[in-house]
Amino acid sequence: MKNIIFIYFYLVTSIIYSQNELNKEILYQRSFTELESDFWDTYPDFRAEVYADTYLNKAKNKNDSLLIAKGFDFKARLYEPEINIAYADSIIAYTKNLKHQDFPAVGYSLKAYWNYQTGHYKIALDNYIIAYDLAKNHNNVTQIIENGEGITALKNRWGQHEEALNLYKSQLNLIQQQKHYKKEFKEHYFNTLYNLNVSYKRNQDYDSSAYYIRKGIEESLNLHDTSFYYDFVYSSGINHFYLEKYKAAIDSLNKSEPFLDSSELAISYYYKGLISKKTGNVEKATSYFLQMDSIYSSSRDIFPEITNAYNFLIDYYKDREALEKQIVFMDKLILADSLINSNNYYMNIKVLQDYDIPQLKNEKIALSNQIKNKNDSIYYLILISIITLVITLAITVYVAIRQYLRKRKIHKRLQELIYKKQKDASILALKEDLNIDNKNELKGISENIIVDIFEQTEEV
């Protein structure tokens, strides 16, 4: 009997193994294009892994760096963040020397995304900026939008709300310039509508935030996109809180919670805690803040408002003389505050150096090119005017000098004539004096001697 059972299991196992090998062989015969299509048709279902593995194995056998990188691209979307980051590093390693429109930018973008998801914002920012620059160099609109979203999300997350708002407006404008953007760029379109609502909220413009929430809900219903619909419902709950419509806020947050990721769920509990605090239900507020803390302790996805909740919990346990609890949340507050300040400082410096300043330089170059043609005619006009002015000035100076020299010559001649006239008169007077005093002695004195006597008198 045991032998029969053993043989049965052996046959079943062999059949299953043979079937798997046959399936692998059939898949292996499919082209790269077909395997890529198979992957995206099944992603994010676990079946997508089979197509990713087959694609990658075929690429390695072909020893094609670009195809291998595409295989790693598929793999970098299937697992836990740490594993996905390792695959993203493989993409970069295989394509870092390629001049390709998509690679290695895809690797840097994926590495940024997964680090963002795990709260490693400095690493995320560094990689988003590298990916953004590569996308700009290759005029890859899709990647420009994707990586711009990442950079702007970090700005928004760390309090640079006005700058983020302006970037989101530019982002929406860029998306709407693309053909069939509601189809080809649907996800980016919804993301930007959502982020505009968040950015207006953080700039305390709740009416504008409500406008983009309504726009997002309408578009998600029209395009039958359930996931984005609940994102906008969740955001409307937060907006209702700031408008002091607490019942509507709770209703929207409760409706959206089953569809939220861990980070959003923690924020939802945070706002429900604030509503409970404002309506005087301290115990309920404490419960919500503790649920928020539990999620954060697991996900480590920090957000700036978390410090408000920790301050509340410290005061709550202080009033109840629960010293150990106070110390626990003091430690959590100190750690959260240091992380927020560290990330915020790094964001300010890094974005300014690697994103905002290059953007300004690009805008300056574009502006210079726009006004260059207009300035050319003005330049030549100014140049001609300067040359004319120099020539006119030179002629004027020449005439002035010439007139000065002529006047000086005339003046000198006039002085000589006056001097001669005075000298003649003096000589005549001298002769008369000599004749009066020494008439007899005047005889024999020459005219030259009389002139010499006059000149000596003039010198004295």
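The values are calculated or read from the model by the stated rules, or taken from the named source; none is laboratory data. Note that the structure is a prediction, hence the values are computed from the model and not measured. All Cβ positions, even for glycine, are placed from backbone atoms using ideal geometry, and neighbour counts span all protein chains on display. To get the accessible areas, we keep the full protein, side chains included, count just its heavy atoms, and leave off ligands, DNA and RNA. Shrake-Rupley method; radii C 1.70, N 1.55, O 1.52, S 1.80 Å.
Could we say that ALA88 is at pLDDT 95 or above and in contact with a helix residue (DSSP H, G or I) (Cβ under 6 Å, 6 or more places away or on another chain) here? The answer is yes for ALA88.
Scan region 236-249 residue by residue and report those that are open to solvent by 40 Å² or more (accessible area, probe 1.4 Å) and assigned to a helix (DSSP H, G or I). Scanning region 236-249 gives HIS240, TYR242, TYR246, LYS247.
Basic (Lys, Arg) and without any contact (Cβ under 8 Å) to a residue 12 or more places away in the chain, is that true of LYS169? In short, no.
Any residue at all in region 266-285 that's open to solvent by 20 Å² or more (accessible area, probe 1.4 Å), part of a helix (DSSP H, G or I) and either modelled with pLDDT under 85 or closer than 21 Å to LYS155 by Cα (or both)? Can you show your working first?
Filtering region 266-285 down to residues open to solvent by 20 Å² or more (accessible area, probe 1.4 Å) leaves 267, 269, 274, 277-284.
Retained after the next criterion (residues that are part of a helix (DSSP H, G or I)): 267, 269, 274, 277-278, 282-284.
Among the residues that remain, those that are also either modelled with pLDDT under 85 or closer than 21 Å to LYS155 by Cα (or both) are: 267.
Yes: region 266-285 contains one or more residues that are open to solvent by 20 Å² or more (accessible area, probe 1.4 Å), part of a helix (DSSP H, G or I) and either modelled with pLDDT under 85 or closer than 21 Å to LYS155 by Cα (or both).
In summary, PHE303 fulfils each of the numbered conditions (1) at pLDDT below 50; (2) among the aromatic types (Phe, Trp, Tyr); (3) assigned to a loop (DSSP other than H, G, I, E, B) with the single exception of condition (1).
Any idea which residue in region 160-202 is nearest to the chain's Cα centre (by Cα), counting only those that are part of a loop (DSSP other than H, G, I, E, B) and surrounded by fewer than 15 Cβ atoms within 10 Å (Cβ to Cβ)? Here the answer is GLN177. Please work out if TYR229 is open to solvent by 40 Å² or more (accessible area, probe 1.4 Å), over 30 Å from LYS332 (Cα atoms) and under 31 Å from the mean Cα position of the chain (by Cα). Yes.
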